[in-house]
Amino acid sequence: MARLNLIADVHGNLPALEAVLDELPKAKTLHLGDVVGYNPYPKEVIELLQERRIASVMGNHDNAVLTGDVSWFNPVAARAILWTREHLSEEELAYLASLPLEIKNEVCAVHGSPRRRLEEYVFPDYPDEVLSGFLKLAGRRILAMGHTHVPFWRRVGDALVVNPGSVGQPRDGDARASFASIDLSTLEVEIVRVEYDISRVAREILRAGLPAVLAQRLFEGY
Ligand code: ZN
């Protein structure tokens, strides 16, 4: 039974990523962008994704860490992006620079949407007609997107649109890390939530001098 696992928006949260990797079914896994930003373990997350050979697309935070242009971000997000930029080595920045805007194999994977791959937020209330248009652009029967940090999946005709939610900073009111696993023959989707040591991340956020609100929001799942 062929499966595919989707993870997204790890955002430098190593304990959440480790907890999710422990629970993933045995199958190929793709990451839908935002490897870094917000949380204090960007180096460790880059190393672990590379070690596990988990391919990733580029997210808007990954891109901003590379360019240093934070004009589109709120002050808290901007501070974390600039902190991350200061703490990565040349090799780690080169890894971020190597991330493609899109991966197309059995799925089409992007961070935002197929028409605005870095920026567009596709929330669960998007109408079917818009999602159909995205599937046409994607040219695959599965379209996988991240960026909103809100998990959802929807069948549109015989195709599937799916967002696995966020590993490193869930925003749907559930503080547990989120991932999706797809049965590629039936297109059935399982959204799985995983507990991890939020207190450990919160302490490290404060120790690193990142904004305290980034620690608080992890406990609230927002
Ligand atoms: Zn994100």
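General remarks:
- Residue match in the stretch 122-138 (condition: within 21 Å of Val36 (Cβ to Cβ), surrounded by fewer than 20 Cβ atoms within 10 Å (Cβ to Cβ) and either among the aliphatic types (A, V, I, L, M) or free of Cβ contacts under 8 Å to residues at least 40 places away in the same chain (or both)): no
- Yes/no for Pro164 being within 13 Å of the ligand (Cβ to nearest atom), within 19 Å of Ala2 (Cα to Cα) and not acidic (Asp, Glu): yes
- Among the residues making up the stretch 75-100, a single one is more than 15 Å from the ligand (Cβ to nearest atom) and under 15 Å from the mean Cα position of the chain (by Cα): Pro100.
- Matching residues, the stretch 84-106, being within 15 Å of Val45 (Cα to Cα) and either aliphatic (A, V, I, L, M) or in contact (Cβ under 8 Å) with a residue 24 or more places away in the chain (or both): Thr84, His87, Leu88, Ser89, Glu92, Leu93, Ala94, Tyr95, Leu96, Leu99
- Sole exception among (1) open to solvent by 20 Å² or more (accessible area, probe 1.4 Å); (2) in contact (Cβ under 8 Å) with a residue 12 or more places away in the chain; (3) more than 19 Å from Leu218 (Cα to Cα); (4) of a type in the set (D, E, K, R) for Glu18, by number: (3)
- Residues that are within 12 Å of the ligand (Cβ to nearest atom) and closer than 21 Å to Pro151 by Cβ number at least 2 in the following helices (runs of 4 or more DSSP H) confined to the stretch 1-74: 60-67.
- Taking the numbered list (1) open to solvent by less than 30 Å² (accessible area, probe 1.4 Å); (2) within 16 Å of the ligand (Cβ to nearest atom); (3) out of contact with any Pro (no Cβ under 9 Å at 6 or more places or on another chain) in turn, Arg116 passes all entries but (1).
- Qualifying positions in the stretch 155-182 - of a type in the set (Gly, Ala, Ser) and surrounded by fewer than 24 Cβ atoms within 10 Å (Cβ to Cβ): Gly157, Ala159, Gly173, Ala175, Ala180, Ser181
- Selection count, the stretch 78-109, where residues are open to solvent by less than 20 Å² (accessible area, probe 1.4 Å) and more than 23 Å from Gly68 (Cβ to Cβ): 3
- Conditions (1) within 16 Å of the ligand (Cβ to nearest atom); (2) farther than 25 Å from Val45 by Cα: number failed by Val156: (1)
- A single member of Thr148, Thr186 is among the hydroxyl-bearing types (Ser, Thr, Tyr) and open to solvent by less than 60 Å² (accessible area, probe 1.4 Å), and it is Thr148.
- Any chance Asp197 is closer than 22 Å to Leu21 by Cβ, open to solvent by 40 Å² or more (accessible area, probe 1.4 Å) and within 16 Å of the ligand (Cβ to nearest atom): no
- Which listed residue, of Val156, Val161, Val192, is of a type in the set (Val, Ile, Thr) and under 15 Å from the mean Cα position of the chain (by Cα): Val192
The values are calculated or read from the model by the stated rules, or taken from the named source; none is laboratory data. Here the structure is a predicted model, which is why all the values come from computation and not from measurement. No Cβ is skipped: glycine too gets one built from the backbone with ideal geometry, and neighbour counts run over all protein chains shown. We work out accessible area using only protein heavy atoms, side chains counted, and drop any ligands, DNA or RNA first. Shrake-Rupley method; radii C 1.70, N 1.55, O 1.52, S 1.80 Å.
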